[in-house]
Amino acid sequence: MREASFVERNKEKWTLIENNLSINMQVDPDELASNYIELTNDLAYAQTFYPESKVKAYLNELAVTVHQKIYKDQKASNNKFKSFINEEIPQAIWSIRRPLLYSFLIFVLASVIGFVSSVYDMDFIRLILGDYYVDSTIESIKAGDPAAVYGKGSDFGSAIWITINNVRVAFMAFAAGLFFSVGTGYVLFSNGIMLGAFHHMFFQYGVMGKAMSAIWIHGTIEISVIIVAGGCGLAIGNSILFPKSFTRLTSFVRTAKIAMKVLVSTIPFFIIAGTLEGFVTRYYNVSIWLCLLIIVLSLLAILYFYVINPYRLAKRFQWK
């Protein structure tokens with residue numbers, strides 16, 4: 001085969017390999033290995049038939065570069081956790097950004113409905129929250145400690161129980177997506193209604209500011225990650241309803257893998273929320289400024305991890 005024909009037949013493949021090497025994000029190791037095998041075969045051919053040509057030198061350099069990248073990626077595989085946090089999770093969040101937005105809007109709308117419904121129907125709060133919880137909260141309000149319920153039980157025991165309960169709610173919101181998004185919508189809507197009615201109870205007795213300084217110490221993270229879990233559930237449901245060019249099964253499997261990455265990212269936040277509720281919220285009377293600081297820092301952490309950082313990386317790497 002003439003050298004020009006050899007180059008013409010393989011140049012598209014070599015260009016593709018060069019493009020893979022120029023990507024800053026991690027390339028699939030199997031694809032790199034395949035590239036290396038093909039290059040070494042081409043290099044062997046060039047060494048045999050075109051020993052003095054520039055194409056041999058080019059292929060040799062390209063093969064060395066691929067080999068170095070494979071070795072580098074093998075070393076980097078020891079730090080997969082860092083790659084998972086810094087690359088895979090932000091990309092997964094960006095991939096399901098619309099379901100996450102829909103989850104947020106559903107929850108906010110339900111909270112508004114819960115609050116407004118309580119304004120026009122005083123029995124609505126009891127219907128949603130139950131007589132016992134409402135009566136005990138009213139007693140606490142009259143005693144001057146509207147968030148007294150968070151001071152019951154031991155610090156450690158409360159933190160563990162609260163974390164488990166929060167994870168359970170998040171898992172329900174996620175798993176309910178299997179019911180074509182309707183299940184997740186119901187979980188989000190019902191929890192939003194409860195939150196709205198809950199807020200109105202304190203508003204009704206004129207202690208909303210004081211109560212919120214306690215509740216949102218842990219609630220900022222807790223509510224945010226429930227919304228994130230709901231977004232994961234909606235993404236799964238939508239993948240079944242709207243598979244696009246894929247089969248429904250393929251669409252479901254692809255989206256479930258992405259959504260699971262986002263769901264896993266919520267676990268540390270749930271632990272933090274449970275710890276704050278068990279150990280910190282009960283001491284909300286110590287300083288209003290400390291409460292506000294924790295709330296603001298919590299909100300910034302959520303916004304950075306689930307909004308700002310994915311957006312920044314998406315613009316940098318041109319994610320779709």
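The values are calculated or read from the model by the stated rules, or taken from the named source; none is laboratory data. The model shown is predicted, which means the values in this text are computed figures rather than measured ones. Positions of Cβ are backbone-derived with ideal geometry, glycine not excepted, and every protein chain shown enters the neighbour counts. Please note that ligands, DNA and RNA were not included when accessible areas were found on the heavy atoms of the full protein model with its side chains. Shrake-Rupley method; radii C 1.70, N 1.55, O 1.52, S 1.80 Å.
Quick notes on this one:
- Averaged per residue, region 84-317 has 51 square angstrom of accessible surface, using a 1.4 angstrom probe with ligands and nucleic acids left out.
- Gain upon complete extension [TYR283, PHE317; 0.36 nm per residue less C-alpha separation]: 7.8 nm
- Relative contact order for region 84-317, counting Cα pairs under 8 Å that sit 6 or more residues apart, in percent: 33
- In the chain, the calculated helix contribution to ellipticity at 222 nm averages -27000 deg cm²/dmol per residue, counting -39,500 (n - 2.57) for every DSSP H run with n ≥ 4.
- Backbone N within region 276-320 under 14 Å of label point (7 Å from LYS244 Cα along the Cβ vector): 319-320
- Calculated from backbone phi, Karplus (6.51, -1.76, 1.60) coupling profile of region 109-117 in Hz, x at Gly/Pro: 4, 5, 5, 5, 4, x, 5, 5, 4
- Listed pairs LYS257/LYS315; LYS82/LYS315; LYS11/LYS257; LYS56/LYS261 exceeding 32 Å between Cα atoms: LYS11/LYS257; LYS56/LYS261
- Of all accessible heavy-atom area on the chain, the percent that carbon and sulfur account for (1.4 Å): 64
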